[in-house]
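Asker: Questions regarding the structure given below will be posed in turn.
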Amino acid sequence: MTAISVLMPTYNQLEYLTESVNSVLNQTFSDFEFIIIDDCSTDKTIEYLERCAKLDKRIRVLSNNINLGVSNSLNLGLSIATGKYIARMDADDISFINRFEYQINYLNTHPGCGVLGTETCFINLDGSKSDQPAWIKPIEHNVIVWNLLYSTPLCHPTTMIRHDILKNIGGYTTTHPNEDMDLWTRLAFHTSFNNLENTLLYYRMPHDVHRKKLEAWIPHIQNVSHSYVERILEKNVDFKLIQLIIDTNFGLSAKRSYEAKDLFQASLLLEEVYEKMKLIGMLEKKNLSQVEKILYKQTQLIVSLMS
Amino acid sequence: MTPQISIITTTFNDARHIGEAIESILSQSFEDFEYIIVNDNSQDETKDIINKYARTDRRIIPLSNERNLGRAASRNRALQISQSEWIAIFDGDDISDPLRLEKQSAFINEYPNVDYFGSDCCYENKVTLDPISKEFILHTSHETISWELYWNYPFHHSSTMGRKKILIEAGGYPETYPVCEDIYLWMQLAKMGARFANIPEKLIKYRVNPAPNHYALNQILAQKLHCQHVEYLIGEKIPPDVFEIIWSTNYSESFPTDKYILSINNIFDASQILVKSFEKISSNINMTRNEREKIQTNFLLRLRRVLNLISTVNCDDGVKYQSIYSGYLNTYNTLHIEG
């Protein structure tokens, strides 16, 4: 059994493949299989991948006859994966050569951790690499699980996930286009998360585009968050309140006006979620004060919208 | 005959305490009252307990909400049907001293210009019923209560009495508020010019919930309301971070004030707002010397606590730090000598 199965779907990203594939093959930790799923690219991706596979027998190429999308492609890869850990990789990104080594070391010494992400740096539009962290992702499990209420606190292509846990929850779903946030919200009931402070991946997405893209993603974030909150509380929750919380978090609330009643309901909803998360053990007992502080700040933001 | 006092209790899922609370009212030495108890759609035996007492004492008027309306709307419902000129508020988990109503009724006769007043209280842990000692400085005059209302809670809500007329004029309790509905009402009353007082006697036993519901919203909303009240006084906007620094002066020990709001500028602005408010209030010529001194002592205590925060700030600009600090020490010393 190999230690790691690397899953990398790709669609018409030929120009980036050399760098992404090599960044995996050159890893200092070498015990892995590299499953690349070509999602019916119309460029010469498949020829390139087959050439690579001949040169390195750790590579296995799957080729979809029709374009299936990221979630289905990942599930196909997952169905043949044999590794103890699943490492995600995107075809336009670049892993640092010691990425797997760092992650394996952490996961082997932290058996409670099921999902491990890392910090990233951006690759700019002109191809140059930034040396500043792209996002400051939360390190602690509690903060990650809490931030999942309104954001994606793990960067998908940086993650390494315990295979058995991923398998047990049935892999990816195709319900939401933000398949990663959806996956984390389902895993949150079963395992704990961490992010390494180290930057171990270059992420191709410049700042301005990132901002525009984010606004388009907000409705999807709201949908996933809504279902997350309803599963935590085991009851129906007014979608309007989730919208309010997420708008506030992304600084969009200034454009809208809210009734005091909804603001109070939204802040009480956050408090109810916090109490329930504690009750069902989604939050670790240590470091609760960090989440309390965030809750306090969020309440402050929400109440400040009161005229 | 219309009773002299209408007592209002609203209760939700508190079967453990409601019986004792009701008994403490029924055994009052002062007997001329009606007692309106609103059961806010409790899911436990609260309703049966209320009905049991209602059968034996006709002064009890039980009301029952078909769905949970919250404390504000429940009290308003009782307020609407109450008959007396005076309303006494009493929470379903507290205990009234047997002489509470007698003393409060005598107070009304002695001070006919007062519109709304409370009393001191003793504290008990709601779960363990152990006594709790809590430092609470009770302000008794209208002026000092009005000053305290800018920064903190000047009343124990469960001990208060008010004229029905003025409570109705104020619009009762704000029904959208899940918490802090009492503070909101007090501020409305203050703006309407109601006369406040407190009786310096422990007339109720107040049960403190060790794990309070809605803690975050309660804290934040209380701050927001107080902040708006001060903004109304001094006629300028106050950033929430600055007000949080002033709010922290309610606590003698460390307060979960985030480090980032503790900048030299925020501390400076917070002290400025205290000074402006004090100047505004102390320009009132109708105050007695005693009231003025009490307000000044309270002001100086808060100012000192704000200034003490300077020592927790890392300040690169040593000159600015020095000048602000020494400037305020001077203000402080001058006032202190005058006081």
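The values are calculated or read from the model by the stated rules, or taken from the named source; none is laboratory data. All values reported here derive from a predicted model rather than from experimental measurement. Counting neighbours? That spans all protein chains shown, and the Cβs are built from the backbone with ideal geometry, glycine included.
Asker: Give the residue, chosen from B:64, B:82, B:119, B:74, that is more than 26 Å from residue B:194 (Cα to Cα), among the hydroxyl-bearing types (Ser, Thr, Tyr) and at pLDDT 95 or above.
Answerer: It is B:64.
Asker: One residue is enough: does region A:88-96 have a residue meeting the conditions at pLDDT below 95, among the basic types (Lys, Arg) and either in contact with a Ser or Thr (Cβ under 7 Å, 6 or more places away or on another chain) or under 25 Å from residue A:152 (Cα atoms) (or both)?
Answerer: Looking for residues that are at pLDDT below 95, among the basic types (Lys, Arg) and either in contact with a Ser or Thr (Cβ under 7 Å, 6 or more places away or on another chain) or under 25 Å from residue A:152 (Cα atoms) (or both), one finds none in region A:88-96, hence no.
Asker: Restricting region A:217-244 to residues that are within 17 Å of the chain's Cα centre (by Cα) and among the aliphatic types (A, V, I, L, M), which is modelled with the lowest pLDDT?
Answerer: A:218
Asker: If a residue must be assigned to a helix (DSSP H, G or I), out of contact with any Ser or Thr (no Cβ under 8 Å at 6 or more places or on another chain) and more than 10 Å from chain B (Cβ to nearest Cβ), how many such residues does region A:249-262 contain?
Answerer: Summing the residues that are assigned to a helix (DSSP H, G or I), out of contact with any Ser or Thr (no Cβ under 8 Å at 6 or more places or on another chain) and more than 10 Å from chain B (Cβ to nearest Cβ) in region A:249-262 gives 3.
Asker: One residue is enough: does region B:123-133 have a residue meeting the conditions in contact with a strand residue (DSSP E or B) (Cβ under 6 Å, 6 or more places away or on another chain), aromatic (Phe, Trp, Tyr) and either surrounded by fewer than 20 Cβ atoms within 10 Å (Cβ to Cβ) or in a helix (DSSP H, G or I) (or both)?
Answerer: Yes; the residues of region B:123-133 include at least one that is in contact with a strand residue (DSSP E or B) (Cβ under 6 Å, 6 or more places away or on another chain), aromatic (Phe, Trp, Tyr) and either surrounded by fewer than 20 Cβ atoms within 10 Å (Cβ to Cβ) or in a helix (DSSP H, G or I) (or both).
Asker: Test residue A:18 against the criterion of being surrounded by fewer than 16 Cβ atoms within 10 Å (Cβ to Cβ), over 22 Å from the mean Cα position of the chain (by Cα) and among the hydroxyl-bearing types (Ser, Thr, Tyr), and give yes or no.
Answerer: Yes: the conditions hold for residue A:18.
Asker: In region B:203-219, which residues are free of Cβ contacts under 8 Å to residues at least 12 places away in the same chain and under 15 Å from the mean Cα position of the chain (by Cα)?
Answerer: Result: B:219, single match.
Asker: On the given criteria, is residue B:51 surrounded by 21 or more Cβ atoms within 10 Å (Cβ to Cβ) and assigned by TED's automatic domain parsing to the domain that holds residue B:93?
Answerer: no
Asker: Restricting to region B:145-186, name every residue that is within 14 Å of another protein chain (Cβ to nearest Cβ) and not in a loop (DSSP other than H, G, I, E, B).
Answerer: B:181, B:183, B:184
Asker: Among what's in region A:263-290 and is surrounded by fewer than 17 Cβ atoms within 10 Å (Cβ to Cβ) and more than 14 Å from every other protein chain (Cβ to nearest Cβ), pick the residue that is farthest from residue A:194 (Cα to Cα).
Answerer: The selected residue is A:280.
Asker: Does region B:217-240 contain any residue that is surrounded by fewer than 18 Cβ atoms within 10 Å (Cβ to Cβ) and at pLDDT below 90?
Answerer: yes
Asker: Can I ask one more? With respect to residue B:270, determine if the residue is in contact with a Leu (Cβ under 9 Å, 6 or more places away or on another chain), within 11 Å of another protein chain (Cβ to nearest Cβ) and at pLDDT below 95.
Answerer: no
Asker: Something else about it: Exactly one condition in (1) under 19 Å from residue A:293 (Cα atoms); (2) surrounded by fewer than 19 Cβ atoms within 10 Å (Cβ to Cβ); (3) in contact (Cβ under 8 Å) with a residue 40 or more places away in the chain; (4) more than 14 Å from every other protein chain (Cβ to nearest Cβ) is false for residue A:233; which is it?
Answerer: With (1) under 19 Å from residue A:293 (Cα atoms); (2) surrounded by fewer than 19 Cβ atoms within 10 Å (Cβ to Cβ); (3) in contact (Cβ under 8 Å) with a residue 40 or more places away in the chain; (4) more than 14 Å from every other protein chain (Cβ to nearest Cβ) applied to residue A:233, the lone miss is (1).
Asker: Under 6 Å by Cβ, and 6 or more places apart or on different chains, what pairs join a residue from region B:24-49 that is within 17 Å of residue B:97 (Cα to Cα) with one that is exposed (fewer than 14 other Cβ atoms within 10 Å of the Cβ)?
Answerer: B:26/B:57
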